[in-house]
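Before any comments, here is the structure.
Nothing in this text is a laboratory measurement; each read-out follows from the coordinates by a stated rule. For clarity, every value in this text was computed on a predicted model and none was experimentally measured. No Cβ is skipped: glycine too gets one built from the backbone with ideal geometry, and neighbour counts run over all protein chains shown.
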């Protein structure tokens, strides 16, 4: 009996992925295109000719493309040797600290990040004497293109390296065992194990970093040195806020959308084929085996790369922590700090859970489509997830406002909307993290599972979940902390006098409370660390399997 | 867990006001309502005065956002009153046809200029100014001319007029002093500029307080906070002989508010010492009335420059052209 009913039940279950994916896509596209549409509808008349009639707009576009390309090349390019070095050195003092710092830098609110960068690299920064000694001129490299690129590398290299490391660590233990037994050289390891892991990741990662740099606003303006280095979003800000020129705003948003989305589609179609070799992600296997390339000259080069990473990351974070420590005596006096922290955490949890569900739905849906040869629909579904990232939050906010007008803006609705938009904004990051782990079962494993009748919930519970829990936790941590540090969205809708942590920070600055603001920044930083540590710790131990090939493999790995 | 539930419920119900009270909803900006801003003190004082009312602040990002929100909401706006539109936004706000006359006696006003507007009522004012770090710069420039001719290492941090109120203040200031010569002055000033940030917080906090440049575009009242609360004379405003551009912040009531009486009560309350004494150190601006002895001592040590202003209509008509002028002069 059960043999008859099971396949049919599995058949109904397998209808879930496209449905879920479609629902998620509808939500994302509805929100993004809906708000843009609302703007267009209100604007009525569009004059696309404005784009090339304004000479400075063309200049801004050129500059934006240039700095984003440069930042992406450096951030992603330099992340490769860093990730490889980290994978090759699974144990060294401070590795855990370095990983934590890498997770921190992406989610650091720009205002805090800029403070740290200026304290270290500014004209009066810690690095200034060193620079003067080396170059003999006053250190001014933080202002201008070099500063913008430095800040973008500071923000995006750690993310790239972290995701690459995750991909490298999913190489199956058996492969490393084999590589170790064969005594593969550096070049051979790169060709057979490392590059095949990284290659499918690179196009998407580059597209993500490019989008982030393209839409970067505060960094480009603060470090740019003047309106010569500007971004489309400044023009958009002016059009929307000062001039109330909805048509120009919509036009600029469309320009950004077209550029970034076409890049995404290109990236997705290039990096499309998921890696053929699928290992068990639960085992960070790389370092357990003796690697021939881990001795000799590579000791030196790895040390150089890791020191460079530490030198890039740690000093600015340290500057923020030190400033925060001097503000600690102010903490007890700030009555709204802890309620704000609690409010931020609750909202971050909501946004993180939302982002994660959407990410899984979209990825499962696009995978379902891809296995049925609907390559373009699959692309569209995955690309749709990135939509919110390329729509300026100002447009998103204004558009949503126009859409929901009569009922919006008071009390909890405002908070609800912020959670929702934050979930959508964290979606691309969550997808990036989960995607690497999602390919799931390989064809032979699938056949085996089918033969044993491991289907439906059992397959999910025993075969898929164990591989997914760590990436899911990492994705949740990224999504939560991104929303924890977000200010742009919450500023859009306005709020009653109950602030979130980043709002509190801005309020303190607006009221000249530097010390208090520094302490708030420190608390925010601690919360981010806590979220990553807690989620990492909860999924640290591999789950207990029944007596399956997984358990055996794991035992082998432990014994040797 | 129980705490979480309580918190979520708290968030959910915080929007609902009790029906028995008269509620006055005020759109204002972020730093006004913060814990240490003037908002909480003013709210308590006003609610005590009226007895059965509830003053509810809705905090937006800045003055421009208040205007933007009014535009988007139109007749259906949830605001009874807006507080935080400065003189440069008045013309645009008036055009929306949503505001009503304040009918408050403006005799107590003590502004550096005469005030005759019947819709917008000032509650504080201040001059834009360059604040300098006396440990880096012993002799601050005494005029724009001196600033332009300063030695090469005297750098200044500005804000973008497209995204910040202070940035726009400098735009109007230079235009007022130099008229059609302004583009040439911008081109020369650019040699002094370290960077142009998007907002005041970035410029003041991330850069100036980190010692990146000896001068930053801010308010003439900024040193008051450093002197009164941090007890340091290190940061002072440079007084320019050409005069300083004036910012006056105002409030206005909505025409179709359901609480016209309460709104007018609030506007009248604005010009009393109970409201105004929260302004000097709460908002770090000059009070709109003469506070007498209640004015903190440090305010008497601030510079008292000559005031420059354009009318709100002049600003509205020329803003776009002047911004483009600045842009073209700076991009070159």
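Between residue A:100 and residue B:103, what is the spin-label point distance in nm, taking each point 7 Å from the Cα along the Cα→C-beta axis?
A separation of 6.4 nm, rounded to one decimal place.
Which value in nm describes the separation of the simple spin-label points at residue A:243 and residue B:135, placed 7 Å from the Cα toward the beta carbon?
4.3 nm
Scaled to the compact-protein estimate 2.2 N^0.38 Å, what is the alpha-carbon radius of gyration of the protein assembly as shown, rounded to two decimal places?
Working it through for the protein assembly as shown, the quotient is 1.00.
Per residue, what volume in Å³ does the convex hull of the Cα atoms of chain B enclose?
159 Å³
Averaging sequence separations of C-alpha pairs under 8 Å and six or more residues apart, then dividing by the length of segment A:351-434, give the relative contact order as a whole percent.
Over segment A:351-434, the number comes to 55 percent.
By the gyration tensor of its Cα atoms, with a ≥ b ≥ c the square roots of the eigenvalues, what is the shape of segment B:95-199: rounded for a/c under 1.5, prolate for a/b over b/c, or oblate?
It is prolate, given that a/c is not under 1.5 and a/b is the larger ratio.
Rank the residues B:73, B:139, B:230 as a footprinting-exposure proxy: fewest other Cβ atoms within 10 Å of their Cβ go first.
B:139, B:230, B:73
Give the residues of segment A:79-115 whose amide nitrogen is closer than 13 Å to a point set 7 Å from the Cα of residue A:540 in the direction of its Cβ.
Those under the cut-off are A:96-97.
For A:298, A:334, A:146, what's the fewest-to-most ordering of other Cβ within 10 Å of each Cβ?
Listing A:298, A:334, A:146 from fewest to most nearby Cβ atoms yields A:146, A:298, A:334.
With an 8 Å Cα cut-off and a minimum separation of 6 or more residues, compute the relative contact order for segment A:93-227 in percent.
Once divided by the residue count of segment A:93-227, the mean separation gives 30 percent.
Which of rounded, prolate, oblate describes segment A:13-76, given a ≥ b ≥ c as roots of the alpha-carbon gyration tensor eigenvalues and a/c under 1.5 marking rounded, otherwise prolate only if a/b is larger than b/c?
Since a/c reaches 1.5 but b/c is at least a/b, the shape of segment A:13-76 is classed as oblate.
List the equivalent ellipsoid semi-axes of segment A:141-207 in whole Å, largest first, each obtained as the square root of 5λ for an eigenvalue λ of the Cα gyration tensor.
Whole-Å semi-axes of the equivalent ellipsoid: 33, 12, 10.
Over the C-alpha atoms of segment B:107-165, what are the Rg and the largest Cα-to-Cα span, Dmax, in Å?
Considering segment B:107-165 through its Cα atoms, Rg and Dmax are 17.0, 48 Å.
Which whole number gives the average, over all residues in B:124-136, of C-beta atoms from other chains lying within 10 Å of the residue C-beta?
The mean count of partner-chain Cβ atoms within 10 Å per residue comes to 0.
Taking only Cα atoms, what is the 0 to 90° angle, nearest 10, from helix B:260-270's long axis to the longest principal axis of chain B?
40 degrees
Please compute the average number of Cβ atoms from other chains found within 10 Å of each residue's Cβ in peptide B:208-217.
Mean number of neighbouring Cβ atoms from other chains: 4.
Starting with the fewest neighbours, write out A:56, B:36 ranked by other beta-carbon atoms found within 10 Å of each beta-carbon.
A:56, B:36
Relative to the longest principal Cα axis of chain B, at what angle does helix B:165-178 sit, 0 to 90 degrees, rounded to 10?
Helix B:165-178 and the main axis of chain B meet at about 50 degrees.
Provide the packing ranking of A:209-219, A:20-30, i.e. peptides ordered by the mean count of other C-beta atoms within 10 Å per residue, highest first.
Packing proxy ranking, top to bottom: A:209-219, A:20-30.
Hey, if you drop one equal point scatterer on each alpha-carbon of segment B:187-249 and run the Debye formula without solvent, what base-10 log of I(q)/I(0) do you get at q = 0.12, 0.20, 0.28, 0.30 Å⁻¹?
Evaluating at q = 0.12, 0.20, 0.28, 0.30 Å⁻¹ gives log10 I(q)/I(0) of -0.35, -0.98, -1.37, -1.36.
Within 10 Å of each Cβ in A:122-131, how many Cβ atoms from other chains are there, averaged over the peptide?
Other-chain Cβ atoms within 10 Å of each residue's Cβ, averaged: 2.
Could you work out the mean projected area of the convex hull around the alpha carbons of segment A:17-148, in square nanometres to one decimal?
So the Cα hull casts an average projection of 14.8 nm².
For helix B:39-50, report the angle its Cα long axis makes with the longest principal axis of the Cα atoms of chain B; keep it between 0 and 90° and round to the nearest 10°.
The two axes meet at around 40 degrees.
Apply 1/(1 + (r/R0)^6) to the Cβ-Cβ distance of residue A:325 and residue A:124, taking R0 = 30 Å, and write down the FRET efficiency to the nearest 0.05.
So, using R0 = 30 Å, E works out to roughly 0.90.
Arranged from highest to lowest average of other beta-carbon atoms within 10 Å per residue, in what order do the peptides A:385-392, A:374-381 appear?
Result, highest mean first: A:385-392, A:374-381.
For a quick protection proxy, order the peptides B:240-246, A:227-233, A:426-432, A:78-84 by their average other-Cβ count within 10 Å, most packed first.
Going by the mean number of other Cβ atoms within 10 Å, highest first, we get A:426-432, A:227-233, A:78-84, B:240-246.
So how far apart, in nm, are the two label points at residue A:45 and residue B:110 if each is 7 Å from Cα heading toward Cβ?
5.1 nm
Relative contact order, percent, of chain B when contacts are C-alpha pairs under 8 Å separated by at least 6 residues?
26 percent
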